[in-house]
Each structure stands twice: as C-alpha cells, then as structure tokens.
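All remarks here apply to the structure that follows.
Here, each number is a calculation from the coordinates, and none is a lab measurement. Computed from a predicted model, the values in this text were never measured in an experiment. Backbone-built Cβ (ideal geometry, glycine too); neighbour counts: all protein chains shown.
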Amino acid sequence: MKEENTQHITEKTDTKKHLHEHRKRRNKRRVQIVTVIVILVLLTVASLASIPLVKVLRTEEGMDKLKETLETKYSGIESMLIFMLIQAVQVIIAVIPPVQIIGGVLFGWFIGFLLSFGGTMLGTFVIFMMVNKFGKPLVEAFIDEKHLTKYKFLQDESKLIKVLVILYLIPGIPKDIISYIVPLTKIKRRDFFMYVMPCRIPAILMSTTLGSNAIDGNFKTALCIIFAAIVLGIFGFLFKDSIVEKLKGHKHKS
C-alpha cells in the first residue's frame, strides 16, 4: 500500500513537472512570436519614415549631392584606416552598433567588405591578446554573467572548432561576445582565425553589399538584401537557443 502511494505521488509530481515544462515552452514561444511581430512592425514604421529620404535619393541631383558630400569628407587611405579602426573598436566594445553597412556606403561593397573584415579580424585579435594577458577577470568585466553561463560548455576542448563554426554561421548569435569567451578555451589561435573567423564573411558581405546598393540607388537589390536579412534574423532569433542547447548536449555526450 505504501509503495502504491509512493508511486502515485511520484507520478503526480512527474505530471506536474511535465505540465510546467510544457507551459514554460508554450509561453516562451508566445513571447518569441510577439517579439517577431513587434520587430516587423518597427521595420515597417522605419521603412515608411524613410520614404522622404528614398525619394530624395531617387533623383539624380539628390544622389550626386550625397555622393559629393561623402567623397569630400571621406577619401584616401587615411579614411580607410580610420574606418578599419572603428570596425575593430566595434568588435572590442560590442555595444557600438555594427558599421559594415557604412563601409559599403563609403567605399563600395568590395573595398567596404575588405576593410570591415580586416577590422573585425584586428578587433578579434586584440581581444585574444587582452584575454591572454589579463585572463577571466577581463572577460567578466566586458561580458554579462548570463552569457558566460550560457556558453560555458565551450570550455570543453572536444570538437570545439566544429561547434564554433556552427555558432558563427547562425544569425543572431553574439559573435563578439563569444570572441571574448573563446580565448579562455584551449583552442589554438591559428585554428580559430583560419577556420572560424571566415564564417563571419557572409554577414559582413551582405551588409556592405546593402550599403553599396543603397547609395548607388539600386533600391530593389537593397530591399531584397533587407528581406533576406530579416528572414535570416527571424530564423536565428527563433532557433538560436535551441541550437545552442543541442550543441551543449552534444558536447556533454562527447
């Protein structure tokens, strides 16, 4: 009789736990859906608000005036070096908004891409040097505890490069934050820059191409890139946590 009661209590507890987890997942999904809707609404409002600027840029006179202003203020090797340094600082201080689109506007998609990628590599290299010098206290000063906890599984050396490649290809994953955590692992710096950093190329190339097409008046191409970025962003937002959890579970199994 006692065993039956114990079993009944256990089953009841398991049922409650299962219902709680189910409710938690359902609420999380609702929050995600609402957030996506809010993002789409904000993007729509921003697009409508930018219509006057788009109208100006559609005229040859307005485009020439804007290009003349940019060429006057930003020209030469000095401006390229300054932009690359700004990009490096953006990687080091992750709170600064990404500047790759500006690179495409100022220098064209190809040069803008080279400068943005070079600045990203430089900033990441500086992070490696800083973390190697000052260790975890420096990381804790720049990165929130929740991120350190979330990506703690990266400390496992097994198949780390493969896991990092997947993470760096997923839209929405905070690459600059992970760049602070990676130097604390046993990964070789050469392997990281050779195999993982190239995974940042697609996003940077998309951003500089967007900036270049926008300033050249190729609004259809720019809108297609924006649409693709939105789709990829929504995908990353909805599935990045579950992908991280699967990678975490895979690491524990291996």
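Structure notes:
- Note, ³J(HN,Hα) from phi for region 203-217, Karplus 6.51, -1.76, 1.60, rounded to Hz, x at Gly and Pro: 5, 5, 5, 4, 5, 5, 5, 4, x, 5, 5, 5, 6, 7, x
- Phi angles across region 181-194 convert, under the Karplus curve 6.51 cos²θ - 1.76 cosθ + 1.60 with θ = phi - 60°, into 3J(HN,Hα) values of 7, 4, x, 7, 8, 8, 5, 7, 4, 4, 5, 4, 6, 7 Hz, Gly and Pro given as x.
- Look at the dipole of region 170-229 built from charges on Cβ: of PRO171, PRO183, ILE226, the Cα furthest out on the positive end belongs to PRO183.
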